[in-house]
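No lab work stands behind these numbers, since they all come straight from the coordinates. Just so we're clear, the structure is a prediction, and the values are computed from it rather than from any experiment. Virtual Cβ from ideal backbone geometry, glycine too; neighbours counted across all protein chains shown.
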Amino acid sequence: MSGAEIGLALSVFLACTVEAVEALTIVLAVGTTRSWSSAIGGVGAATLALAVIVAALGPAITSLPIDVLRVLIGGLLLIFGLQWLRKAILRASGLKAKHDESQIYEEEAAAARAAGAKPTGFDGYAFTISFKGVLLEGLEVAFIVLTFGANQHRVGLAAAAAGLAILVVVLGGVAARAPLARVPENTMKFAVGVMLSSFGMFWGAEGAGANWPGGDAALLAIIPGVLIVAVAIVRTLSRTVHPTPPKKHQTTPTETTDQATVSA
Amino acid sequence: MTRARTFGLAVWEFIVGDDWRTAIGVALALGLTALVAAAGVSAWWVMPLAVLGLLALSIRRAARGASR
């Protein structure tokens, strides 16, 4: 497996794990408070819809000429990746609330309880919420699988990485019987943002006619480069959000008077 | 609202999100890369510079919005 293929598999696995954890929280909340059979029905219907979308768009995307494919997909991946990275940077620096699966679970469960009496048979609420949750989270995964996979003509590898991630999350959810709040989601989102932005930049520039020094090996500089820039932005922002408190020291009567004058 | 318009808005929201300026910036940077490459000049440096600038500006806008 080449370095680019490892990057592809890793990016898809991480992105899919994060999205699957979020979808699992929603399904668990409506399943435990309303109806497991209807919630699982929603998961099945959403999975089917996602499979149809991938099956319809996959061949259409892979049939594009390679340069068009790279500039189009590189551009889309870069726009998408910068969104992920921006949110991850804001979360890491404290400017945006971190994703908390336990809190989201409680909110979803409270909404499910407030949605009225549970019917004895099919529960439309549990089905719809479960369907929408899995479909919306799954669309992001489908987008990443299709763009990454098509660009390297390895849709199968991308789909396998996504499938493995879903399996790991489902097994984790079954074992824990609770939202997977201990998964380091925010860190994983940060990593996915870095990977999507790096690959998007690389492929987009190649598609537009640029030649990277060292060819594919340039990714070994691009990925750490994007990571360093992102971490530097987080550190700078963190200092503004949480400024270091001044060291405590004994104040002299003169200093106190001066401070009082300044604050006045 | 027609279904086509609703679908178009959903696709826009899904891909572009809440920062359309970054999306426009990426498109412009790719165009500039193509122009520089077509002129026979090495063009690989355009995208890293553009991404650095776009990310910094996007974060700055978001940080200002958050502090208000």
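In table form, for the structure just shown:
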quantity	calculated
Taking A:Ser38, A:Ser198 and counting other C-beta atoms within 10 Å, the order from fewest to most	A:Ser38, A:Ser198
Debye, to nearest 20: dipole size of the protein assembly as shown, +1 on Lys, Arg Cβ, -1 on Asp, Glu Cβ	620
Amide H partners (placed H, <5 Å) of B:Trp44, local residues excluded	A:Asn211
Farthest positive-ward along chain A dipole, Cα basis, beta-carbon charges - from A:Ala176, A:Ser197, A:Gly42	A:Ala176
Gyration tensor verdict on chain B (Cα atoms; rounded if a/c is under 1.5, prolate if a/b is larger than b/c, oblate otherwise)	oblate
Span-rule helices in chain A, defined as complete DSSP H runs reaching 20 Å or more along the axis (Cα) with Kyte mean at least -1.0	A:3-33, A:36-62, A:66-92, A:124-151, A:155-176, A:185-207, A:219-241
Environment charge of A:Ile6, counting only residues whose C-beta is closer than 15 Å and scoring Lys/Arg +1, Asp/Glu -1	-1
Cα-based Lys pair tally, the range A:3-241, threshold under 22 Å, eight or more apart or on separate chains	7
B:Ala56-A:Leu48 FRET efficiency (beta carbon distance; Förster radius 45 Å; 0.05 resolution)	0.60
Loop sites in the range A:156-193: trypsin sites (Lys or Arg not before Pro), DSSP, at most 13 other Cβ within 10 Å	A:Arg177, A:Arg182
Equivalent ellipsoid dimensions for the protein assembly as shown as semi-axes, Å, which come from the Cα gyration tensor, largest first	35, 33, 18
Nearest-ten-degree value, helix B:3-15 long axis tilted from longest Cα axis of chain B	50
Additional length obtainable on full extension of the chain from A:Ile104 to A:Ile228, 0.36 nm per residue less Cα span	41.5 nm
